[in-house]
Amino acid sequence: MTANPSRATTRRSFLKTSSGAGVAAALGGGALPLFHLRDSFAQGAEDPADILARINVGNYVDPQYRDQYSLADDDVLWDPAKDWIRTVDWEKVRTELSGTTVRFAIGAADTESAAAGLAPFEALSGITVELVPIPDDSMYDKVLAEFISGAASFDALQFFSPWLGDFAGPGFLAPLDDYAEKWNLALDDFYDTYRLNYGYFGDKGLYGIPFDCDIQMVHLRTSLVEQVTGGPIDKWNTVSTYDELIRLSGEMNGLADGVAGVGLMAGRGFWSTYTWEHVAAQHGMDLFNEDWEPAFESDAGIKALEVMLALQENAAQGIAGWGWPENRAAWLGGQLASNISWQDSGTQGTRPDQSNIVDDLVTIYEPRATLEGARFAPPNIAGSTSCVTASAQNPEGAFLMLAFLTTSSIMAMNEANANGVAPGQRSVLENEKLREVSQPAEVWANSLEYAWCAPRIPGMFEMEQSLGNEINKCIVGRSTPAEALKAGAESWRKIMKRNGFFSGSDPISYASVADATWAGKGKDLPF
Amino acid sequence: MSTVHPTTGPAADAAPGTAAPAPSRKRPPMTDAERRARKRRRRRSALAGSVLRYLILGSWAIFCLAPVVWFLSIGLRPRTEIITPQPIYWPSFSLDAWHMIWADWPMGAYLRNSVLAIVGSVIIDLALAIPAAYSLARYHYKGRDDIGFYILSTRMMAPAIVAIPIFFLFKNLNLLDSVWALMLVYAALNLSLVTWIIRSYMLDLPHEIEDAARTDGASDLSVLFLVIVPMCAPGIVTAAVIAAIFAINEFLFTLLIASTQNAYTLSVALANFTGGSDGIIYNAIALVAFIAFLPILLLVLVVQKHLSRGLTMGAVKG
Amino acid sequence: MATFAPASEPPPADAGKNGRAVRKPARRRPAWRRRLFPYLLVAPAVLYLLTITLYPGIYAIYQSLFFVRFDTWTFVGLDNYRELMGDEEFWMAMWNTVVIGGWALAIEFTIALTLAVLAYRDPFIRGWRIVFLLPMLFMPSAVSFIWKLAFNDGRVISDLLMGIGLIDGPLDFLGNVGLARLSLIVTDVWQWTPFLFIIFVAALQGQDPEVEEAARLDGASWWKLFWNISLPIMKPIIAVALILRAIDITTMFTSVFIITGGTPGGTTETISYFIYRIGFKTFNFGYASAASFVMLVITIVVAQLFVKRFFITSRA
């Protein structure tokens, strides 16, 4: 199991060469090598409208997917009225910031394609972007080391959103409220759960723009499920509870050669934490109480672990070492009859160049739990956010660049490319055309109104690791659920103490994040 | 390498008719028939022994070779045929990965960095090790053994232990993400090995030539460089090759120090195919592994005679 | 091109141009300079190593006395060590390293020795020698990926075993302690048995063939031959090889990083991985430094006990 911190912080493949090359061709580059692109634009000379016209499906979406879904070059998968890049006054941007430079920290793997993806931004704004590559596997520690040194060598970065507290808490990030207002960032277009959890640090202000908006879901292999249930799949009712899922996975286990009943991530570190949070949230688990005391040693938390143990009986071999890469490979390779993982399992599974199970999968609504206190709380887990550093030399330019990258049209086309970068805007996920190319989109969008999310507090990175190690121990039978959660809670208290909690003045108040932890509070079920 | 004549194995037992065993205990002398029977038995058991021997050796050879061939097949197949419900043993042929690693990634830069870092570190090592080895081999002075031991002990330095301070050291020297930093680190990691290998070769040189040169009035330094070094050339080459093998393998430090194609080497380049939103791209990994493997294979073919001697630092004579 | 020493008198006329003549010292260097020379020769290497190892070593020791949080260092004295001694995970990591490393070493030693005894007189093997060397020539990270795919992701090993009929269903090489450790052991054995093999072969081939022949004519079985003649000769070499390999095995990291990540429940976490995890996942650098220091002390002690004996004293 590769211990890299995140699958989400790493390759931002919307900047992948295929679309990058498309952009290059579109922007008049044609056969020009990528590094000529910057030179070929006289800064701020071309009419913004012309540049914007070329940010479209024809140039950004992979040709084989365009064919697969019969997308026209100018198909609109978003709402142009809410698409920030088409509403902002680029002339104003040029007047104020043309000629300045922004330094963007990016996973080293992306450097080449990032240059192409940002070329339109440079043309539109007159701002030059310098990429600062950071090796994917050590993103967290490298970034931290840069922050600690006092003068980070970049103005903007995007990272795993659970770390928002770790970076915002000690003051390494710059507040973005003023810029968001000045440039009319379409913040309201984001679902609450994304806006509040990926963007705001409690009540201290806006510190990030949601970048890769995640949710964990349950996916099924249509043919195998229908074989067992005898009928078509109802996304809300077929697997209505976790007990159902356990039973179903048991019956599907071994139904086809080499196919296991279910797959889930139970590797050491935060993978286990995420799976457990996923299940436990449905059972009514809350991570903290109002005093920030860890509160997950509850019936809900324990039951969730028991569910995981039961699922393990029907799961593929080796889940105790699975992180996202292993789980994804197994699912797309066809080794699983059902899967508990992020929404990209549902999107990437539909692409023939990546998947062996095209046309044989469906993403369903979150199964409910039958415990006292259970709720419908689809988990918004992981994801990534994009921020400006406190020591930035060009904070406003950095903000504009991030606003460009996270704009709904580009994000919608990422989803069309199934590259793992997911949109979080209503105007995108509710778009009919987008739903045609993204299999999980409808279920995902409806689920977001009820989403559960862990608070972003300083120390969360370490806490997710330590709890995950305990959960992993339980999964492999070396501790009981109660023991595992107890050890986890103890380690959490220790870490939080080191980060300033329980000392009289908490870094952020629980009240400021309470609402963001469960967007479904007080709402009726969707069906 | 040993200059022993390859005598035949146990099959030799059957050879000459002189095999009348000198009895160490009192036994009635054997009749001819008995002797022939015994020879036949010996030959049979020798044959059986031979077959068994080749079976064992063959099995191990297969165990060595099979994963290599299989991994090559992984590199040359489409990605969707790698992870499947049942493993595919006869995949379709595809050069997807080959195109990907060269088109999407600066593979040339990685190769270049690997080569530069290795060559540079080996040069540094030789420059430092040859005088040191000579000193340890030919001179007697107080603390010589302790110094020698210290040099050897640096090999035991687990990378994880010193990784963090070295990272900060290079950061402060502004050497991060440069091939120079890699050269310095690799040189340090392998210096002990190189020194000891060269030392062992020097130990075996006859004293006479040196003394002759000295008597001619040569200074110590010229004795070293003009007399000793040429005579030790095989040992020096071996040490260089072994250092190269270990340098190309280095993973942890390279991971910490490098961040762009300025300094990424092949060993860390593998990480490109595991950390991204495409998951683990095995066919690409396989091909990169072979790209790194081939030059090492060639080097080893050249020096294989000397390899065992070098690896035991001369404890094995020959 | 000999440069003459700043001698006060020219060398005598019959000073030997060949080694057999009577030699008279031609050097007339000041004694102190002569004494200093060997130190000067060895100095650059030592200084270089000191910088790269002493500085981090001292830094690590210093840091181990603090609790490091970002850039605030709080002095905690020996607290890190106290905590370390009581840390279950640390001792587990030590134990794992001993178990996994020990088994790997034992297995590769046995196999290498067996193969070497079988192969050293064989003319065919000479030509095929390179096949036996292949595993060693791959990058350790690549080797780890090979076995990760074979054991876990691609389920090839399970499939082969099922094909022969040995097992019924796929094996869990990540959730079962024994199997997970086995996968690491196999990885190490595959890659490093060649290393021991060629050393042993060379040692055996260094035996005096006449002694061997004589013994064989005497009717000695191969076992007796091995036990009474080969083994005693090989003892120092075996020791050298084992020590080299043992040192490397204690730093086992790459395979753990790539294949298991320490799963199940930390039972395959070697001490190197433990240090890495503490340092780079919890950022408790002071604690990681303390663990590193303990490891350093252990390796030095072991080295002093064993290595010195075999290396220094075996060469006159």
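The values are calculated or read from the model by the stated rules, or taken from the named source; none is laboratory data. The shown structure was predicted, so the numbers you read here are calculated from the model rather than taken from an experiment. No Cβ is skipped: glycine too gets one built from the backbone with ideal geometry, and neighbour counts run over all protein chains shown.
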| request: Determine whether region C:275-291 contains at least one residue that is in contact with a helix residue (DSSP H, G or I) (Cβ under 7 Å, 6 or more places away or on another chain), touching a residue at least 12 places away in the same chain (Cβ under 8 Å), within 14 Å of chain A (Cβ to nearest Cβ) and within 15 Å of C:Thr97 (Cα to Cα). | output: yes
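This table checks each residue for (1) outside the structural domain of A:Asn356 (by TED's automatic domain parsing); (2) surrounded by fewer than 23 Cβ atoms within 10 Å (Cβ to Cβ); (3) over 21 Å from the mean Cα position of the chain (by Cα); (4) part of a loop (DSSP other than H, G, I, E, B).
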site: A:Lys235; (1), (2), (3), (4): no, yes, yes, yes
site: A:Val239; (1), (2), (3), (4): no, no, yes, yes
site: A:Asp243; (1), (2), (3), (4): no, yes, yes, no
site: A:Gly254; (1), (2), (3), (4): no, yes, yes, yes
site: A:Thr273; (1), (2), (3), (4): no, no, no, no
site: A:His278; (1), (2), (3), (4): no, no, no, no
site: A:Ala320; (1), (2), (3), (4): no, no, yes, no
site: A:Glu326; (1), (2), (3), (4): no, no, no, no
| note | If we take region A:1-99, then helices (runs of 4 or more DSSP H) inside it with 3 or more residues that are modelled with pLDDT under 50 are A:17-26, A:36-40
| task | Kindly indicate whether any position in region C:234-250 is buried (at least 18 other Cβ atoms within 10 Å of the Cβ), farther than 30 Å from B:Gly148 by Cβ and either within 13 Å of chain A (Cβ to nearest Cβ) or touching a Ser or Thr at 6+ places or on another chain (Cβ under 9 Å) (or both). | result | no
| note | Counted residues in region B:180-210 being assigned to a helix (DSSP H, G or I), closer than 24 Å to B:Met231 by Cβ and not small (Gly, Ala, Ser) come to 16
| Only one of (1) away from chain A (no Cβ under 14 Å); (2) exposed (fewer than 13 other Cβ atoms within 10 Å of the Cβ); (3) touching a residue at least 12 places away in the same chain (Cβ under 8 Å); (4) not β-branched (Val, Ile, Thr) is not met by B:Ser92, so which one is it? | (1)
| query | Looking at B:Ala244, B:Ala233, which one is modelled with pLDDT of 80 or more, surrounded by fewer than 24 Cβ atoms within 10 Å (Cβ to Cβ), within 19 Å of the chain's Cα centre (by Cα) and more than 8 Å from every other protein chain (Cβ to nearest Cβ)? | reply | B:Ala244
| Of these, B:Tyr89, B:Tyr110, B:Tyr141, B:Tyr134, which one is at pLDDT below 90, hydroxyl-bearing (Ser, Thr, Tyr), assigned to a loop (DSSP other than H, G, I, E, B) and out of contact with any His (no Cβ under 8 Å at 6 or more places or on another chain)? | B:Tyr141
| request: Kindly indicate whether A:Ile340 is within 27 Å of C:Glu269 (Cα to Cα), in a helix (DSSP H, G or I), away from chain C (no Cβ under 12 Å) and of a type outside the set (D, E, K, R). | output: no
| Hey, C:Gly163 within 14 Å of chain A (Cβ to nearest Cβ), surrounded by fewer than 16 Cβ atoms within 10 Å (Cβ to Cβ) and more than 30 Å from A:Lys473 (Cβ to Cβ) or not | yes
| said: Please go through region B:291-318 and give me each residue that is modelled with pLDDT of 80 or more and crowded, with 17+ Cβ neighbours inside 10 Å, ordered by number. | reply: B:Ile291, B:Ala292, B:Phe293, B:Pro295, B:Ile296, B:Leu299, B:Val300
| query | Being within 13 Å of chain B (Cβ to nearest Cβ), in contact (Cβ under 8 Å) with a residue 24 or more places away in the chain and either under 23 Å from B:Thr274 (Cβ atoms) or basic (Lys, Arg) (or both), is that true of even one residue in region C:95-102? | reply | no
| Does C:Trp73 satisfy the criteria of being on the phi < 0 side of the Ramachandran plot, touching a helix residue (DSSP H, G or I) at 6+ places or on another chain (Cβ under 8 Å) and modelled with pLDDT under 85? | yes
| task | Inspect all residues belonging to region A:366-373 and state whether any of them is part of a helix (DSSP H, G or I) and either crowded, with 24+ Cβ neighbours inside 10 Å or polar (S, T, N, Q) (or both). | result | no
| Verdict on A:Ala392 being in the same structural domain as A:Pro170 (by TED's automatic domain parsing) and surrounded by fewer than 22 Cβ atoms within 10 Å (Cβ to Cβ) | yes
| Just to be sure, is A:Ile302 within 12 Å of another protein chain (Cβ to nearest Cβ) and touching a residue at least 60 places away in the same chain (Cβ under 8 Å)? | no
| note | Heads up, the helices (runs of 4 or more DSSP H) in region A:442-520 (entirely inside) with at least 3 residues that are more than 14 Å from every other protein chain (Cβ to nearest Cβ), modelled with pLDDT under 95 and surrounded by fewer than 23 Cβ atoms within 10 Å (Cβ to Cβ) are A:510-517
| request: Count, please, the residues in region C:211-226 that happen to be in a helix (DSSP H, G or I) and either within 28 Å of C:Val131 (Cα to Cα) or within 10 Å of chain B (Cβ to nearest Cβ) (or both). | output: 8
| So which of B:Ser222, B:Ser277 ends up being modelled with pLDDT under 80, over 25 Å from the mean Cα position of the chain (by Cα), surrounded by 23 or more Cβ atoms within 10 Å (Cβ to Cβ) and on the phi < 0 side of the Ramachandran plot? | B:Ser277
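Restricting to region C:170-204, give me the number of residues that are farther than 27 Å from B:Asn249 by Cβ and facing another protein chain (nearest Cβ under 7 Å).
Final tally of qualifying residues: 4.
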| task | Take the residues in region B:160-206 that are surrounded by fewer than 23 Cβ atoms within 10 Å (Cβ to Cβ) and among the charged types (D, E, K, R), then tell me which one is modelled with the lowest pLDDT. | result | B:Asp204
| Positions within region C:44-56 being more than 7 Å from chain B (Cβ to nearest Cβ) and either more than 17 Å from B:Phe170 (Cβ to Cβ) or modelled with pLDDT under 80 (or both), in sequence order | C:Leu47, C:Leu54
| said: With the structure loaded, tell me whether C:Asp172 is within 30 Å of A:Gly318 (Cβ to Cβ) and without any contact (Cβ under 8 Å) to a residue 24 or more places away in the chain or whether it fails that test. | reply: yes
